[in-house]
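Enquirer: Right, I'll just put the structure down here and ask away after.
The values are calculated or read from the model by the stated rules, or taken from the named source; none is laboratory data. Since this is a predicted model, take the numbers as computed values, not measurements. We place every Cβ from the backbone using ideal geometry, glycine too, and count neighbours over all the protein chains shown. Accessible surface is based on the protein model in full, side chains and every heavy atom, while ligands, DNA and RNA are left aside. Shrake-Rupley method; radii C 1.70, N 1.55, O 1.52, S 1.80 Å.
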Amino acid sequence: ATGDSTILTETRGRVRLITLNRPKALNAINAQLTRELIAAASAADADPGIGCIVITGSAKAFAAGADIKEMQSATYAEMYAGDRFADWERFTALRIPIVAAVAGFALGGGCELAMMCDLILAADTAQFGQPEIKLGVMPGIGGSQRLTRFVGKAKAMEMCLTGRMMDAAEAERAGLVSRVVPADGLVEEAMRVAETIAGMSKPIAMMTKEAVNRAYETTLTEGVRFERRVFHAMFATQDQKEGMAAFVEKRAAKFTHG
Ligand code: CO8
């Protein structure tokens with residue numbers, strides 16, 4: 001978190017809190033923010049002392065999209081050669097659980113970033129949208145695919161074609177967010193959820209994330225087979241032995257993340 005950084009990071013216990021910090025641009029996602037956010041998340045993934053990440057923005061905006069000013073004049077050849085937005089594949093490949101704490105605008109790339117996290121906790125002020133069509137483009141960091149899988153075709157199609165925003169209550173009804181909480185307690189509640197996750201065995205939580213995500217990539221039969229094989233593999237960990245022993249001995253488990 002240097003003065004020029006587009007993010008702020010803080011560690012509380014085993015949780016790494018990453019706050020998007022381009023307030024003058026409503027946290028619009030430019031190349032620097034992309035680089036710094038993915039680097040910070042990758043560092044937390046690799047750090048045995050960290051078990052969960054929380055990503056949040058400001059009260060006004062989680063992120064108001066990809067940086068329009070940065071891409072406005074780009075040519076097709078530049079977008080293609082640079083494979084703009086392909087870097088996010090490194091973010092979605094991370095195995096550590098990631099909680100998005102969304103207040104205010106989560107638009108375009110901001111909505112897409114929230115959907116690339118593992119669960120979204122929304123403030124009652126949250127507004128989700130894919131307004132790219134108003135700019136003469138469409139979602140480019142997975143929005144047309146993830147939103148459709150998460151809320152279904154009708155709502156996704158309406159949002160992508162009209163740019164209409166969804167408020168927090170509608171987002172919860174549609175299954176886009178896990179819960180809605182009062183805006184002034186958003187980050188604290190997200191930190192509580194993250195602390196709970198980070199208190200579990202890190203490798204087991206990583207495998208669980210991988211299994212749930214597999215549901216979006218494969219058939220039910222293959223997904224259930226994948227789950228069963230990973231379940232079997234968990235019996236090679238110390239944390240499985242500790243977790244089950246602690247239950248039988250009626251005490252709290254002390255996971256060593258191995
Ligand atoms: N990019 C760059 N700057 C932005 C962005 C953005 N996405 N959003 C807001 N800003 C800037 C504004 O330009 C303004 O800067 P300045 O003070 O220098 O004029 C500052 O943030 C404050 O914004 P506003 O004055 O507009 O604040 P308001 O409260 O009036 O409005 C809104 C808030 C409604 C959120 C409004 O800012 C807005 O509509 N923003 C744009 C939302 C949008 O269209 N997002 C989608 C962006 S495109 C995208 O994400 C595509 C992703 C994938 C592309 C893939 C291509 C291959």
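Enquirer: What strands (runs of 3 or more DSSP E) lie completely within segment 1-68 and have 3 or more residues being closer than 22 Å to Leu186 by Cα and open to solvent by 20 Å² or more (accessible area, probe 1.4 Å)?
Expert: Ranges flagged: 7-12.
Enquirer: So, one more: Among the candidates Gly199, Gly175, which residue alone is buried (at least 16 other Cβ atoms within 10 Å of the Cβ) and either touching a residue at least 24 places away in the same chain (Cβ under 8 Å) or closer than 22 Å to Ile98 by Cβ (or both)?
Expert: It is Gly199.
Enquirer: Here is a follow-up. Taking Ala74 as the residue in question, decide whether it is assigned to a loop (DSSP other than H, G, I, E, B), open to solvent by less than 50 Å² (accessible area, probe 1.4 Å), at pLDDT below 95 and within 19 Å of Gly143 (Cβ to Cβ).
Expert: So Ala74 does not fit the description; no.
Enquirer: Looking at Arg12, Arg90, Arg84, Arg22, which one is more than 16 Å from the ligand (Cβ to nearest atom), basic (Lys, Arg) and free of Cβ contacts under 8 Å to residues at least 60 places away in the same chain?
Expert: After applying the criteria, what remains is Arg90.
Enquirer: Every residue in segment 121-147 that is basic (Lys, Arg) and more than 18 Å from the chain's Cα centre (by Cα), please.
Expert: If the condition is that a residue be basic (Lys, Arg) and more than 18 Å from the chain's Cα centre (by Cα), then Lys134 is the only one that fits.
Enquirer: Select, from Pro131, Pro139, Pro182, the only residue that is touching a strand residue (DSSP E or B) at 6+ places or on another chain (Cβ under 9 Å), modelled with pLDDT of 95 or more and under 29 Å from Gly82 (Cα atoms).
Expert: Selected residue: Pro131, the only one of Pro131, Pro139, Pro182 that is touching a strand residue (DSSP E or B) at 6+ places or on another chain (Cβ under 9 Å), modelled with pLDDT of 95 or more and under 29 Å from Gly82 (Cα atoms).
Enquirer: Would you confirm whether or not segment 146-161 contains a residue that is open to solvent by 20 Å² or more (accessible area, probe 1.4 Å), in contact with a Lys or Arg (Cβ under 8 Å, 6 or more places away or on another chain) and closer than 30 Å to Met206 by Cβ?
Expert: Looking through segment 146-161, none of the residues is open to solvent by 20 Å² or more (accessible area, probe 1.4 Å), in contact with a Lys or Arg (Cβ under 8 Å, 6 or more places away or on another chain) and closer than 30 Å to Met206 by Cβ.
Enquirer: May I ask you to list the residues in segment 112-139 that are closer than 22 Å to Ala194 by Cα and within 8 Å of the ligand (Cβ to nearest atom)?
Expert: Glu112
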